[in-house]
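**Q** Have a look at this one before I ask anything.
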Amino acid sequence: MSAPLGGALAQRVVDRISPTLRHNVNVMDAAGLIIASRDASRIGTMHAGAREVVATGAPVVIRHAGEHDGMRAGVNCPIELDGAVVGVVGLTGAPEVVMPLADVVVLTIRLLLERDREMDSTALREARNRELLARLINGGAPSASVEQELAAGSPSLPGPWRMAAVLDRTPTGRPVHRLPVRSGLLGDVLARPDRYRSASFQGALWVLLAAHDTGALADAVSASGSVLLLGGTCSAGGTLQSTAKTLNLLVARPELLPSTQSVLHLRELSAELAVGCMPREAAGLLAAHISDLTDTQRTTLAAFLDAGGSISEVSRVLFAHRNTIIQRLDRIAEITQLNPRDAHHALTLRLGLIAARA
């Protein structure tokens with residue numbers, strides 16, 4: 001669809017180039033009306049030559065004054081966009097002199113029109129993405145309508161899909177409820193409308209992407225120093241909405257998230273999610289279980305739980321002797337009255353470590 005040629009844009013071009021020209025410049029719209037001119041008194045009047053240009057799509061060249069309805073010598077050239085004439089540029093003077101100048105003015109106006117249209121298209125696409133993602137996260141989006149919207153988009157984004165959220169990080173590496181910088185490699189990746197739908201709100205950058213297309217986004221997030229929360233594969237709009245709402249619970253409590261990884265999968269964050277959903281008083285009771293542990297003991301406990309109870313693995317990770325690890329675990333059990341080697345006690349201790357992050 002061709003964009004209309006407005007007087008403000010046309011006059012801006014005329015005002016910019018007029019000081020460098022000795023020739024009068026007029027710009028006419030698709031109806032032949034002068035909408036910009038070096039001679040302000042002519043604005044709003046009809047230009048006969050422009051009407052002919054619009055009708056034929058070909059330049060009108062006048063070599064001698066008076067040979068064409070009394071018009072002065074000069075050229076009138078069409079401004080084409082999407083195969084249609086949206087305006088006309090007219091310059092007075094010897095045609096062989098002003099024709100190259102007219103071509104430059106035509107090109108300048110066309111480029112400005114294309115830029116404005118691209119900006120309008122980008123703004124519209126961003127608004128639609130924001131509305132879609134907000135509906136997914138906050139609820140109220142029927143699954144069928146979500147699937148139809150993604151299939152009918154321009155371009156379309158066929159399923160299955162993944163929902164993701166990107167959070168910023170503090171200098172110490174902790175995820176934080178703050179919008180990440182959307183530039184550099186991350187900005188370049190998200191500029192692909194055929195692969196991603198993204199919008200920034202509620203303290204995170206939200207991204208909807210094809211399920212198989214996570215590698216480039218993960219690399220970009222890692223390079224930007226941010227944190228990526230990645231949901232599982234969703235083949236239906238309802239599952240997609242449930243995943244989005246679940247991710248939002250974690251986005252609201254970033255202090256509960258681990259700070260050792262740049263890509264966090266939702267399937268591995270069940271404990272964090274459980275703490276995030278419980279009342280603050282209950283989380284406080286869990287944190288109290290480990291409140292008397294030293295930093296070294298907490299580090300040992302976390303490593304032991306992450307290693308699935310393998311003493312050898314903890315010894316390797318912490319560069320400590322096996323007997324030292326055993327002694328620390330015994331002391332942790334004594335202080336907390338919870339044995340890390342017992343599966344039920346280990347779950348309580350895991351939740352306590354997470355709750356203590358807050």
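The values are calculated or read from the model by the stated rules, or taken from the named source; none is laboratory data. Note that the structure is predicted; figures quoted are calculated from it, not measured. We place every Cβ from the backbone using ideal geometry, glycine too, and count neighbours over all the protein chains shown. The area values use the complete protein model at the heavy-atom level, side chains included, leaving out ligands, DNA and RNA. Shrake-Rupley method; radii C 1.70, N 1.55, O 1.52, S 1.80 Å.
**Q** Residues to consider are Ser242, Ser262, Ser270; find the one that is surrounded by fewer than 21 Cβ atoms within 10 Å (Cβ to Cβ) and under 20 Å from the mean Cα position of the chain (by Cα).
**A** Ser262
**Q** Looking only at residues that are more than 16 Å from Pro4 (Cα to Cα) and β-branched (Val, Ile, Thr) in the stretch 15-33, which one is least open to solvent (accessible area, probe 1.4 Å)?
**A** It comes out as Val25.
**Q** Hey, another quick one. Taking Leu186 and the conditions (1) under 19 Å from Thr122 (Cβ atoms); (2) in contact (Cβ under 8 Å) with a residue 60 or more places away in the chain, which numbered condition does it fall short on, given that it satisfies the others?
**A** If we test Leu186 against (1) under 19 Å from Thr122 (Cβ atoms); (2) in contact (Cβ under 8 Å) with a residue 60 or more places away in the chain, just (2) comes out false.
So that you can scan it fast, the table gives a plain yes or no per residue for (1) touching a residue at least 24 places away in the same chain (Cβ under 8 Å); (2) open to solvent by less than 80 Å² (accessible area, probe 1.4 Å):
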{"position": "Thr294", "(1), (2)": "no, yes"}
{"position": "Ala302", "(1), (2)": "yes, yes"}
{"position": "Asp306", "(1), (2)": "no, no"}
{"position": "Asn323", "(1), (2)": "no, no"}
{"position": "Ile326", "(1), (2)": "no, yes"}
{"position": "Arg331", "(1), (2)": "yes, no"}
{"position": "Leu338", "(1), (2)": "yes, yes"}
{"position": "Leu349", "(1), (2)": "yes, yes"}
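**Q** Quick one: which of Ala204, Ala252, Ala223, Ala244 is over 27 Å from Leu351 (Cβ atoms), at pLDDT below 95 and among the aliphatic types (A, V, I, L, M)?
**A** Exactly one residue qualifies, and that residue is Ala223.
**Q** Taking into account only those residues within the stretch 34-62 that are of a type in the set (Ser, Thr, Tyr) and closer than 22 Å to Leu9 by Cα, which is least open to solvent (accessible area, probe 1.4 Å)?
**A** Checking each candidate, the answer is Ser37.
**Q** Let me confirm something: among Leu186, Leu179, which residue is in a loop (DSSP other than H, G, I, E, B) and surrounded by 14 or more Cβ atoms within 10 Å (Cβ to Cβ)?
**A** Answer to the check: Leu179.
**Q** Since Arg316 meets every condition but one in (1) crowded, with 19+ Cβ neighbours inside 10 Å; (2) within 44 Å of the chain's Cα centre (by Cα), which condition does it not meet?
**A** (1)
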